[in-house]
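Some notes on the structure that comes next.
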Amino acid sequence: MTVLIKDMTLDKLAIGPVSARIYQGEEYGKGPPVLLYFHGGAFLKTGLQDSAVAECLAGTGAIVVVPDYNSPLGCAFPKPLEVGFALFSYFAKKRAGFGDRKSLLLVGGEESGGNVATAIALKARDYLADELDGQVLMSPLLDPFMGQPSMQKADGIGMREHWAAGWSEYLSAGVCHPYAAPSMCSRLNGVAAALTISAADDPLLDETQVYAKKLEAAGVNVHCKILPEGLGWTSIYGGQDCRQGCWKDPVRKEFNDFVTDVRTQRCELKTK
């Protein structure tokens, strides 16, 4: 499916206008899922960003909105979350002109953007129950201690120092709230269904897996996928990997399966 890309400003938000890049399949059907997707960049990137994952998922018929969430208020917690939650709240009430009343509303992100997405899902559970249909977490950066065994691979893709600097900036206010470091959150029951994707050669594999297992233990519906190594997965968040694009077909399949399952679960709830 051909994907159309356009830039626009989302206004009428509680924190002021936010720029966003929109990815939309040229021939999407009725009730397309709407995914508010947060780009990676170790918490440090500002400005509109191209997103290979957003373009990939838009090719399934989803409408994917990638906001410039660090520019309005800054890169340190809780400011990116404030921007992200303001966006989510607006989409929950208005859909911002995307999709229709049958559209699922999802949040997602890669790497540091995955962290922001998990925090929005937690805050949505706490303040806007039932408004969020699912979360799509692509190798989320969740552990500020960077202590999981798979993190030993970070030097090999040139990310260890970048992540350390990013965490230092994000937590510069000296606060380690569960919304800032979701891997430390002890209360995960009631959050939206989750799709987690990582790869066997990904330094973020272990923290992705640990979080997925914690969600499952809390009774959350989780779809968990580990891609085989050698598909160029770490390139989605800036890892040094010349192999790009081989991950797209399995990611589309996992996303489609997840959307189908979430829709089925929502229909079953409405009929009870």
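What full-extension length gain, to one decimal in nm, is calculated for LYS253 and GLU229 as 0.36 nm per residue of separation minus the Cα-Cα distance? 6.9 nm is the gain from fully extending LYS253 to GLU229.
Net length available on complete extension from ASP11 to SER186 is 59.5 nm, with 0.36 nm assigned per residue and the Cα-Cα distance removed. FRET efficiency for the LEU44 to PHE145 pair, using the beta carbon distance and R₀ = 22 Å, is estimated at 0.70. How many angstrom lie between the Cα centre of region 211-229 and the Cα centre of region 1-70? Using only Cα atoms, the two centres lie 24 Å from each other.
Put simply, when 127-138, 111-122 are sorted by average Cβ atoms within 10 angstrom per residue, most first, you get 111-122, 127-138.
For the residue pairs LYS12/LYS93; LYS45/LYS79; LYS79/LYS123; LYS30/LYS102; LYS225/LYS253; LYS123/LYS253, the alpha carbons lie more than 18 Å apart in LYS123/LYS253.
Need the full-extension length gain, ARG160 to THR2, defined as separation in residues times 0.36 nm minus the C-alpha distance. One decimal, nm.
Details: separation 158, 0.36 × 158 = 56.88 nm, distance 3.59 nm.
Full-extension gain reported as 53.3 nm.
If you take the square roots of the eigenvalues of the alpha-carbon gyration tensor of region 98-158 and sort them as a ≥ b ≥ c, do you get rounded (a/c under 1.5), prolate (a/b over b/c) or oblate? Prolate is the answer for region 98-158, as a/c is 1.5 or above and a/b outweighs b/c.
Going by the alpha-carbon gyration tensor, a ≥ b ≥ c the square roots of its eigenvalues, is the chain rounded (a/c under 1.5) or, if a/c is not under 1.5, prolate (a/b greater than b/c) versus oblate? It comes out rounded by the Cα gyration axes. Here each label is just a point 7 Å from Cα along the line to Cβ, and for ARG266 and LYS214 those points are 2.7 nm apart.
At R0 = 22 Å, how high is the FRET efficiency between GLN240 and GLN152 if r is their beta carbon distance? Nearest 0.05 is fine.
0.90
Cut-off 11 Å, label point 7 angstrom out along Cα-to-Cβ of ASP100: give me the residues of region 16-46 whose amide nitrogen falls inside. Once the point is set 7 Å along Cα→Cβ of ASP100, 29-32 turn out to lie under 11 Å by backbone N, inside region 16-46.
Where a number appears in this text, it was derived from the coordinates with a stated rule and is not lab data. The structure displayed is predicted, hence computed values, not measured ones. Because the Cβ atoms are built from the backbone with ideal geometry, glycine has one as well, and the counts that use them run over all protein chains shown.
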